[in-house]
Amino acid sequence: MTITKDPRALDLLKRHSQLKTNASSWESLWQEIADYVMPRKAQITTSRTPGSDLNSDLYNQTAVEANGVLAAGQKDYMVSGNWFAWEPPEELGEDDDAIMWYRKATKRAMMELARSNFYLNIHEHFLDRGGFGTASLHLEEGKRSLLNFQKFDVGDFCVCEDDEGYVDTVFRQFSMTARQCAMKFGEDKLPPIILKAWQDYQQSENTKAADEKFELLHVIEPRMGRDVKRFDGINKRIGSTYVAVKDSQVISEGGYDEMPTMISRYLKWGKDPYGYSPSISTLPTVKQVNFIEQQMDALAEIAAFPRILTPSGQEGDIDLRSGGITPYDVNPAAPHAKPEEWGTQGRYDIGKDRIESKDEAINRAYHVDLFQMLKSMDQGDRTAYEIAERLAEKVANFSPTFYRIDHEVLTPVLTRVFNMMYRAGRFEEPPIGAMMAGPDGSPILPLPKVVLTSKLAMAIKAVDNNAFLQLISIFQPMMEIAPEIMDNWDTDKIARGISHNLALPTEWMRDVFDRDAMREARAEQQQQAMAAEAAPGIAKAVKDLSSANEGGRNTLSP
């Protein structure tokens, strides 16, 4: 069977090959991290059969457990409960109808996310993020629910950044059976090799043909030269191309209105598009503690089952059972020639101390103490003030990666969820107050302002609140002498900012226009009250002045 190669497919396959070459050193590092931190994912550069003992060379589980605490802590304290809110963009002002509409949209999105597989995949995302430093989350319309999330495995995808450092291109290689390809793309779109396997399966129900897998390449990148006036798949802002690797042919070409694949880096590694993680920073320590633990196990076994030094004549006659008796004859020529323990003087206490100190360093790198403290806050083990004081430093250390996942994953995901639900008609008709004029003057619905309201977001914002309260306590004595010091701060912005930081319900906040109107009315009432209070004195002064003027005229007039 002669197959004509597709030039477009060949170009994409060549680009992917180059990206894989560039990422080869990362894949070696990821494999080593998986061996020590995420054994169930240790198949990046090494093939492992299902059911094989992935932990056979792992003697210390501290990093495995610490990364699990980090992932579970981020899930529990970043994306649980009422963890986000959509608010009208600042351009709309504070229209009450718009506020209520976005609030209702938030509640519907919460329910839609709960029905989807978001929470399953975001937990895996957090595990990869803390482990490998780079993680993915892909969102498409699903068959069972509107929102269908996928987490791509590290090593299966390569990425490129745009000029601002955001990942805007993803190449992902994966495998599917002919049956799955027919279900996803349609039989008429299948290239020759996959089509033949699918037809063989249909005609003979050949099990081998049904289970044979074919490599596919999915390329997601900004589309160049599109017709912005058209809205079909091949003119959408983000291009989507599926290539059959063996056939070297494009199977499907379409597009997305928004970037569907969010790539998160725990921290950036220089100019490279991939990320730096606690697992990378602690890998030398993790390997050291694993080696020490292995030696400690050997030392414990020796202590429990000691080495025995025996005279050559007693070889095979030593009874090592509990309560066993081993007879020997005293030899005057060699009085010490009897069975005895040998080489069991290792310092178990030193090894134990080294393991404990290294375990503590590993736990600090994964912010285990931060999430333990947040758990204490939930359980009420300490006062809020005590926790806030101790939390400030730990939150400050965690906040850089928190802001990164906000910008790279959470806000883009929630923005795409908003657009997908709006296009699918899952929201009520927006009020006039929620609309803005588009480029052609027609009304359009602007994207919402995404506000994170999770427990961890509130803990980070509480640091700002505490900083202001500490500032006030320092300046309090000076304010009594010089009240004008308060003129240095915009107290209205501070009051509203602290309210937002504490996740105060939006409906509790008075509209800015209503606030200013109240102040104007209050000032007018005060002026009227002052005028009324001063009126008798003014009337008397006028009367006295009038009398004086009358007297003056009588005296001075000719």
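No value in this document is a laboratory result; all are computed from the given coordinates. A quick note: this is a predicted structure, and the numbers were derived from the prediction, not measured. Don't worry about glycine lacking a Cβ; one is built from the backbone with ideal geometry, like all the others, and counts go over all protein chains shown.
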Along Cα→Cβ, 7 Å out, is where each label goes; now give me the distance between the ones at M435 and W269 in nm to one decimal. 5.0
Can you bin region 51-168 into rounded, prolate or oblate? Criterion: square roots of the alpha carbon gyration tensor eigenvalues sorted a ≥ b ≥ c, rounded for a/c under 1.5, prolate for a/b above b/c, oblate for the rest. prolate
Output for region 211-298: chymotrypsin sites (Phe, Trp or Tyr not before Pro) sitting in coil per DSSP, at most 16 other Cβ within 10 Å, listed by number, reads F231, W269
Nitroxide proxy distance, nm - points 7 Å out along Cα→Cβ at E27 and V228: 3.9
Overall form of region 106-212 per C-alpha gyration tensor (a/c, 1.5; a/b vs b/c): prolate
How far, in nm, would the chain grow between M518 and R8 when pulled straight, counting 0.36 nm per residue and subtracting the alpha carbon separation? 177.0 nm
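Within the set of other residues whose C-beta is less than 14 Å from the C-beta of S145, count the net charge using Lys and Arg as +1 and Asp and Glu as -1.
+2
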Please report the net charge: other residues with Cβ closer than 12 Å to the Cβ of G131, K and R +1, D and E -1. -2
Ranking of C160, C181 by count of other Cβ atoms within 10 Å, fewest first: C160, C181
By the C-alpha gyration tensor axes a ≥ b ≥ c (rounded if a/c is under 1.5, else prolate when a/b exceeds b/c, else oblate), the shape of region 182-246 is prolate
By what distance, in whole Å, do the Cα atoms of region 182-308 stretch along each of the three principal axes, largest value first? 79, 48, 20
